[in-house]
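Colleague: Quick one: this structure, given as structure tokens, is what I'll be asking you about.
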Amino acid sequence: MKKGDNFISKVKEKITVHNIERQTEDQVTITVDRNDLPEAVRMLYYDMGGWLSSMIPNDERQLNGNYALYYVLSMEGGKMTIEDELPQEQKCWITVKTYIPANDPTFPSVTCKVPAAVWYEREAYDMFGLTAVGLPDPRRLVVSDDWPKDLFPLKKDAMDYRHRPDPVDHRDEPDYKFLEPNGSGVVDVPLGPLHITSDEPGHFRLYCDGDTIIDADFRLFYQHRGMEKLAENRMNYDQMGYLAERVCGICGYAHAIGCIEAAEKAVGIEVPLRAQAMRVICLEIERLHSHLLNIGLACEVTGNVNAFMHIFRIREFTMELAQLVTGGRKTYGNVVMGGLRRDMSGTEIKKSLELLVTIEKQLIEVWDAVMDDKAQINRWKGVGILDRQVARDFSPVGPNMRGSGFGRDSRHDHPYDFFNQLEFNIAVEHGCDVYSRESVRYQELLESISIIRQCFEMMPGGQTIIKPQTMIKPGAYAIGNDEAPRGENIHWIMHGNAQKVYRWRCRAATYNNWPSLRYQFRGNTIADAALIVCSLDPCYSCTERVTIVDINSKKSKVLTHKDLKRYSQTLKNHPLKNM
Amino acid sequence: MNEIAIIIETVIKAVVVLAVVAGMAAFATFIERKVLAYMQRRLGPMNVGPHGILQLAADGIKLFTKEDIIPQNAVKPIFKIAPVIAPATAFTAMAAIPFFPEFTVFGYTVTPIISDINVGVLFIMGVASVGMYAPLLAGMSSTNKWALLGAARTVIALLSFEVVSGLALLAPLMLIGSLSLIDINDFQNGGFSSWLVWQQPLAFLLFAIAGFAETNRTPFDLIEYEAEIVSGYATDYSGMRWGLFFIGEYANMITVAFLVSIIFLGGYNPFWIIPGAIMILIKISAFIFLFLWVRAAWPHVRPDQMMWLCWKVLMPLALVNILITGIVLI
């Protein structure tokens, strides 16, 4: 009996399963009739302990004349109680697939039965024009407010650049419809996109009664970059990893790994052990600097700028660590199909181990100092409660989830790369509030240090890259998962012909955390709004230095921090003048 | 003849106080940035002049030359006049503060107080509370939600903490039996041990905390804390109108520092070989440094936490303090 068969046989008792396909050992796809879709997903989700990890609409009209929907469920147990978890050997991915005929692009909404699907189904309409019948909130989600009604960008025959629609004048742009509570005395307070502490492309409307938030709605996706479309049209597999990295400015490595591993898994490429270990190291370094950033910001939002600055002191060491592993201060530009571009030398490993000691010591010191401050803890405790039932319904991920007492961790539930051989604990807190989330992050920092140390100590020898000799198989698809600092990233890749991707679906961790944010706002004061958003972990990007290479003259020059600073102040002697 | 001399003297004093305190307020902003920076392992302003000292001038030029934006929907007369209230009340309050001990210039005795009124403390508290109208009117007239929230918070914060500061001051005043700050100062001329802080430590603590709240300093600067309500009442202000609020705030800080020094820390009485004038400068500098230190050390409190602190902790303590002082006096 293979992984997942027991669940499928249970589904079969009530629902006709047309087809069962196995992608990898722990990834199975079942095809059901579109009218059975909601019930199949509900059974797997609530009856058998699944979580909705992603949903991929796909335009397969070239392949079989239909659209297809893939609901990816992570089978790991409901986790509402400690016993309510599947045994490790039963955990798997089950994808529920259904075909939608091209001449009738509708399907029954799963959201009515599994609320977690709400954003996915809204996006399915935006991108493919697939209407979820019965969807309680059918507003558009991803495309801009002035987007033409009949243009669905991810359809294979859409976005012909010869027929590009004219842009709408900004005065004629329609307003986005926010869900507003009725009643007198409700004040709506806008937060963002240029609010001073959340200068991210996201706009929140807080509906307040006095100082208390009674409801909230938000509009995101101001900067949809069309990466999935870009990948289908222009990128080959060598470039995919680098594109996926650019999804995020801070946990980009996790995206690159997710994307490349999905592609590798679909055709069954085994990566050398040394590369696996180093991939794990990079992911954990990313967790280190990302969590440090977030804990720092959570302090800063509550006015504790001192703690923020001292946490950033530690973060600098993690950047150095990244430099030892990948050669750059961030972890970027290292992942390719079949392994990694850069190997580490013995001295680098030794230096890294020394750095880890420093990081661990200083981290404990600073965290103790922060925890010593009652005022700080009081600002965090009881704020932004993520109710356990809401969490069960909306499938959030990452520290957001673990702060509410669910031990969901992709490294543990669906171990990838080297994680089978490592020992680590999942940090779980039961307070459901900002304090629990930050506390989970702190514990994970210590775990990450221990994981990196284990990897260095057990570092296998050999190559870091193999040539992916296997031919790319058109139509093969698989899921790539990893635990990014913000939670589980899911990438889904279907191979196409001519060394191109047929469909790439990237689901970043925060995508699953947004829908439940509304519930986290309720009942808190405006003073905590920015803190609650922060505790989900928004992200920033920064570059310290630039290397410029002139291709014509083959000269390269490293611009240091000093050069850039000098130039920004004097505007004289452009650093690239003599190139 | 004598009357004209008094008028001239008062005008000169007023101009000097205005100029010096405004200058000190500006300098305090620089010191604040430097001190905070060093506490947060940064350098602070470094690029304009040696150690960034000319940053002050740069900021001043910027404030004076920046465009003065008035929002379209604002209630214009009130929006324009609100910023004037802040420094006006802050400087008016200083009229009753004796800054230094008496000294003699060219045989003419100068009392460094603009007007020695016999209810000095009451006058200062009263005028300072009028200052509350500045953020209130600013917030309400600028038709901005963050500003409105800031204004609402101002009223709660200042009103609540005025109760605490008033009650806290009552106990030492019972001991002294006078509301004139000169009398209060002279009451403590018996050297270090006669400082009121030793007799009234609780009142000192309460008044200091209330002082932080009334000058909108961290951890109680919730009326304009940027992470929560952008810039509070000042969100829509720019240029010199905003600058006026700023000067008012720092002038208030200096007033509070003087009040604390005079009422609790022995005022301008000479200490050991140090003359009184130097002594009070040291005291107010130390107290202003405390303002900055606290800002670096503490996170913000939420409005509800602040109210809890005010009404459930500080006010009962102040009452108990008065009661005990009364019993001891009887």
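The values are calculated or read from the model by the stated rules, or taken from the named source; none is laboratory data. Every value quoted in this text rests on a predicted model; they were computed, and no experiment measured them. All Cβ positions, glycine included, derive from the backbone under ideal geometry; neighbour counts span all protein chains shown. For accessibility, only protein heavy atoms count, side chains too; no ligands or nucleic acids. Shrake-Rupley method; radii C 1.70, N 1.55, O 1.52, S 1.80 Å.
Colleague: Considering only residues that are under 19 Å from the mean Cα position of the chain (by Cα), in contact (Cβ under 8 Å) with a residue 40 or more places away in the chain and open to solvent by less than 30 Å² (accessible area, probe 1.4 Å), which ones fall in region B:127-142? Even if it seems obvious, please write down each step before you answer.
Modeller: Of the residues in region B:127-142, the ones under 19 Å from the mean Cα position of the chain (by Cα) are B:127-136.
Filter once more, so that each one left must be in contact (Cβ under 8 Å) with a residue 40 or more places away in the chain: B:128, B:130-131, B:133-136.
Listed by number, the residues that qualify are B:G131, B:A134, B:P135.
Colleague: Next question, about the same structure. Could you look through region A:530-549, keep only residues that are within 22 Å of the chain's Cα centre (by Cα) and more than 14 Å from chain B (Cβ to nearest Cβ), and pick out the one that is modelled with the highest pLDDT? Explain how you work it out, then say what you get.
Modeller: To start, the set of residues in region A:530-549 that are within 22 Å of the chain's Cα centre (by Cα) comprises A:530-543.
Next cut, more than 14 Å from chain B (Cβ to nearest Cβ) only: A:536-537, A:539-543.
On the way: A:L536: 80, A:D537: 75, A:C539: 53, A:Y540: 37, A:S541: 37, A:C542: 34, A:T543: 31.
Result: A:L536.
Colleague: Follow-up. Quickly run through region A:302-336 and pick out the residues that are among the aliphatic types (A, V, I, L, M) and touching a strand residue (DSSP E or B) at 6+ places or on another chain (Cβ under 9 Å).
Modeller: Residues of region A:302-336 that are among the aliphatic types (A, V, I, L, M), as a first pass: A:305, A:307, A:309, A:311, A:314, A:319, A:321-322, A:324-325, A:335-336.
Selection gives A:V336 alone.
Colleague: Another question, if that's okay. Test of understanding: among A:P57, A:P38, which residue is at pLDDT 90 or above and touching a Cys at 6+ places or on another chain (Cβ under 8 Å)?
Modeller: On the way: A:P57 fails: touching a Cys at 6+ places or on another chain (Cβ under 8 Å).
Exactly one of A:P57, A:P38 is at pLDDT 90 or above and touching a Cys at 6+ places or on another chain (Cβ under 8 Å), namely A:P38.
Colleague: Can you name the residue in region A:507-529 that is open to solvent by 10 Å² or more (accessible area, probe 1.4 Å) and within 14 Å of another protein chain (Cβ to nearest Cβ) and, of all such residues, is modelled with the lowest pLDDT?
Modeller: Among residues in region A:507-529 that are open to solvent by 10 Å² or more (accessible area, probe 1.4 Å) and within 14 Å of another protein chain (Cβ to nearest Cβ), the one modelled with the lowest pLDDT is A:T525.
Colleague: Checking the conditions here, which among B:I282, B:I330, B:I288, B:I273 is away from every other protein chain (no Cβ under 14 Å), of a type in the set (A, V, I, L, M, F, W, C), free of Cβ contacts under 8 Å to residues at least 60 places away in the same chain and under 30 Å from A:A307 (Cα atoms)?
Modeller: Numbers: B:I330 fails: under 30 Å from A:A307 (Cα atoms); B:I288 fails: free of Cβ contacts under 8 Å to residues at least 60 places away in the same chain; B:I273 fails: under 30 Å from A:A307 (Cα atoms).
Selected residue: B:I282, the only one of B:I282, B:I330, B:I288, B:I273 that is away from every other protein chain (no Cβ under 14 Å), of a type in the set (A, V, I, L, M, F, W, C), free of Cβ contacts under 8 Å to residues at least 60 places away in the same chain and under 30 Å from A:A307 (Cα atoms).
Colleague: Kindly evaluate A:V370 against the criterion of being farther than 30 Å from A:G241 by Cα and in contact with a His (Cβ under 8 Å, 6 or more places away or on another chain).
Modeller: Details: farther than 30 Å from A:G241 by Cα: yes; in contact with a His (Cβ under 8 Å, 6 or more places away or on another chain): no.
No, not satisfied.
Colleague: Looking only at residues that are in contact with a Leu (Cβ under 9 Å, 6 or more places away or on another chain) and surrounded by 14 or more Cβ atoms within 10 Å (Cβ to Cβ) in region A:138-173, which one is nearest to A:R505 (Cα to Cα)?
Modeller: Taking the candidates together, the pick is A:V142.
Colleague: Select the helices (runs of 4 or more DSSP H) contained entirely in region A:291-405, then report the ones holding at least 1 residues which are more than 14 Å from every other protein chain (Cβ to nearest Cβ) and free of Cβ contacts under 8 Å to residues at least 24 places away in the same chain.
Modeller: Working: elements: A:305-326, A:346-371, A:374-380, A:388-394, A:399-402.
The helices (runs of 4 or more DSSP H) meeting that bar are A:305-326, A:346-371, A:388-394.
Colleague: Just to be sure before I move on: is A:D150 of a type outside the set (G, A, S), more than 14 Å from every other protein chain (Cβ to nearest Cβ) and within 30 Å of A:N35 (Cα to Cα) in the structure I sent? Working first, answer last.
Modeller: Values: of a type outside the set (G, A, S): yes; more than 14 Å from every other protein chain (Cβ to nearest Cβ): yes; within 30 Å of A:N35 (Cα to Cα): yes.
Yes; evaluated as a whole, the condition is true for this residue.
Colleague: Still on this model: When the residues of region B:6-54 are narrowed to those that are touching a residue at least 12 places away in the same chain (Cβ under 8 Å) and within 14 Å of chain A (Cβ to nearest Cβ), which ends up surrounded by the fewest Cβ atoms within 10 Å (Cβ to Cβ)?
Modeller: The extreme case among them is B:M39.
Colleague: Turning to a different aspect of this structure: Consider region A:411-438. How many of its residues are without any contact (Cβ under 8 Å) to a residue 40 or more places away in the chain and open to solvent by less than 10 Å² (accessible area, probe 1.4 Å)? Before you say what the answer is, go through the steps one by one.
Modeller: Here is the first cut: in region A:411-438, the residues without any contact (Cβ under 8 Å) to a residue 40 or more places away in the chain are A:412, A:415, A:420-421, A:423-430, A:436.
So of that shortlist, the ones also open to solvent by less than 10 Å² (accessible area, probe 1.4 Å) come out as A:427, A:436.
Of the residues in region A:411-438, 2 are without any contact (Cβ under 8 Å) to a residue 40 or more places away in the chain and open to solvent by less than 10 Å² (accessible area, probe 1.4 Å).
Colleague: I need every pair where a residue in region A:9-29 that is in contact (Cβ under 8 Å) with a residue 24 or more places away in the chain and within 14 Å of A:M48 (Cα to Cα) has its Cβ under 9 Å from the Cβ of a residue that is outside any helix (DSSP H, G or I) and of a type in the set (A, V, I, L, M, F, W, C), sequence separation at least 6 or different chains.
Modeller: A:K10/A:M48; A:V11/A:V17; A:V11/A:I30; A:V11/A:V32; A:V11/A:M48; A:V11/A:I94; A:V11/A:V96
Colleague: Which of the following residues is more than 14 Å from chain A (Cβ to nearest Cβ), crowded, with 23+ Cβ neighbours inside 10 Å and more than 19 Å from the chain's Cα centre (by Cα): B:Y237, B:Y268? So that I can check it myself, show each step before the final result.
Modeller: On the way: B:Y268 fails: more than 19 Å from the chain's Cα centre (by Cα).
After applying the criteria, what remains is B:Y237.
Colleague: Consider B:D59 carefully, then state whether it is within 23 Å of the chain's Cα centre (by Cα) and open to solvent by 40 Å² or more (accessible area, probe 1.4 Å).
Modeller: Details: within 23 Å of the chain's Cα centre (by Cα): yes; open to solvent by 40 Å² or more (accessible area, probe 1.4 Å): yes.
Spelling it out, B:D59 is indeed within 23 Å of the chain's Cα centre (by Cα) and open to solvent by 40 Å² or more (accessible area, probe 1.4 Å).
Colleague: When you scan region B:143-212 for helices (runs of 4 or more DSSP H) that lie fully inside it, which ones turn up with 3 or more residues that are open to solvent by less than 30 Å² (accessible area, probe 1.4 Å) and not charged (D, E, K, R)? Let's see the steps before the verdict.
Modeller: Details: elements: B:145-176, B:181-187, B:196-199.
Those helices (runs of 4 or more DSSP H) span B:145-176, B:181-187.
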